[in-house]
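> Okay, handing you the structure first.
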Amino acid sequence: MSKTTKPNQTIARERRRLRLQTRFKILLPRKANLPCVTNHYGVDRGLRFMARNYWRPIQIDDLVLASGMSRRGFAKAFNQHVGFSPGSVLRRIRIESAKQLLLAHDLPLKIIADLCGYRSENTFCIAFQHATGTAPKRFQRQAWLTTCRIYRQAEADSILSKSQLLPPLPRQNLNRAYAQYRLNR
């Protein structure tokens with residue numbers, strides 16, 4: 001737990017995350033995919049800590065405690081073995097989890113921002129756009145439209161060839177994406 005975050009704030013944040021998870025029946029990964037694995041024990045412990053707690057406000061002191069190293073030693077070893085700063089790796093983990101949520105669920109951006117560890121929707125949108133080059137909802141719409149086009153083309157091909165049957169798309173995502181696609185034509 002960081003020095004600036006009060007214990008009550010951390011507990012409230014965890015409770016809010018669990019409430020959102022149960023309300024929307026979301027199975028969030030408690031452990032994000034690690035961007036890399038190193039041969040340094042302290043750096044690996046810091047990376048595992050980030051992957052398990054990416055949705056919390058993490059500071060360098062938290063990583064130093066998790067790694068069991070000095071602050072300077074951890075920063076030097078992290079940059080040497082990973083090639084990026086701890087903050088940039090944490091942002092990458094958070095953006096990847098946000099992408100997974102955007103593709104899997106149709107949630108408001110405020111909830112996605114909260115689940116991924118951002119303090120506000122605006123901060124999340126700026127970080128997402130900086131990392132991916134597109135806004136979060138545009139990213140979600142483009143992914144759904146691409147899926148819709150692929151399935152529509154596959155349906156047309158299967159009708160013509162009658163050789164393969166595709167599993168049905170979730171109707172909610174398909175109908176919404178297809179309606180958006182027809183409006184934007």
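The values are calculated or read from the model by the stated rules, or taken from the named source; none is laboratory data. On a predicted model such as this, the values are computed, not experimentally measured, just so you know. Here Cβ is always computed from backbone atoms with ideal geometry, including for glycine, and neighbour counts include all displayed protein chains.
> I'd like to verify a number: residues in segment 58-83 that are in contact with a helix residue (DSSP H, G or I) (Cβ under 8 Å, 6 or more places away or on another chain) and either within 24 Å of His130 (Cα to Cα) or surrounded by 16 or more Cβ atoms within 10 Å (Cβ to Cβ) (or both), how many?
Qualifying residue count, segment 58-83: 14.
> Here's something else I'd like to know. Quick check on segment 109-122. Is at least one of its residues at pLDDT 90 or above, part of a helix (DSSP H, G or I), touching a Leu at 6+ places or on another chain (Cβ under 9 Å) and of a type in the set (Gly, Ala, Ser)?
no
> Can you pull out the residues in segment 126-138 that are under 19 Å from Val89 (Cα atoms) and either among the aliphatic types (A, V, I, L, M) or surrounded by fewer than 18 Cβ atoms within 10 Å (Cβ to Cβ) (or both)?
Of everything in segment 126-138, those that are under 19 Å from Val89 (Cα atoms) and either among the aliphatic types (A, V, I, L, M) or surrounded by fewer than 18 Cβ atoms within 10 Å (Cβ to Cβ) (or both) turn out to be Ile126, Ala127, Gln129, His130, Ala131, Thr132, Gly133.
> Now, a different point. Among (1) in a helix (DSSP H, G or I); (2) in contact (Cβ under 8 Å) with a residue 24 or more places away in the chain; (3) closer than 21 Å to Gln9 by Cα, where does Leu65 come up short?
Answer for Leu65: the failing condition is (2).
> Hey, could you check segment 22-53 for residues that are in contact with a Leu (Cβ under 9 Å, 6 or more places away or on another chain) and assigned to a loop (DSSP other than H, G, I, E, B) and say which is modelled with the highest pLDDT?
Thr38
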